[in-house]
1. Among the residues of the stretch 27-39, is any within 19 Å of residue 7 (Cβ to Cβ), at pLDDT below 90 and not in a loop (DSSP other than H, G, I, E, B)?
2. Among the residues of the stretch 43-83, which ones are within 17 Å of residue 22 (Cα to Cα), more than 15 Å from the chain's Cα centre (by Cα) and touching a residue at least 40 places away in the same chain (Cβ under 8 Å)?
3. Mind checking which residues of the stretch 49-75 are part of a strand (DSSP E or B) and under 20 Å from residue 7 (Cα atoms)?
4. With the checklist (1) surrounded by fewer than 13 Cβ atoms within 10 Å (Cβ to Cβ); (2) within 13 Å of the chain's Cα centre (by Cα) in hand, flag the one item residue 32 doesn't pass.
5. Do you know which residues across the stretch 1-26 are surrounded by 10 or more Cβ atoms within 10 Å (Cβ to Cβ), part of a loop (DSSP other than H, G, I, E, B) and touching a helix residue (DSSP H, G or I) at 6+ places or on another chain (Cβ under 7 Å)?
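The values are calculated or read from the model by the stated rules, or taken from the named source; none is laboratory data. Remember, it's a predicted structure, so these values are computed and weren't measured experimentally. Every residue, glycine among them, receives a Cβ derived from its backbone with ideal geometry; neighbour counts consider all protein chains shown.
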């Protein structure tokens, strides 16, 4: 029995955190940001919400620096590499 691994995601459009299976990451749209860990609730700017407010024109949230520090760039590169190789095994 193998436990399926999940990844923490922050949505720039809804301002929420959620977990998703790593195999389903490729199904996400723009604005869904994979994170290494959840941001601290002691952030002095956003208090753990992950955003500083909402843009009234685009309805997207202004992302806090604590989210930017926790973005999983290695995982993003892995996704891009896998999507560019259509013959992966």
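1. yes
2. 82, 83
3. Keep residues of the stretch 49-75 that are part of a strand (DSSP E or B), which gives 51-54, 61-63, 71.
The answer is 51, 63, 71.
4. (1)
5. Listed by number, the list is empty, since nothing qualifies.
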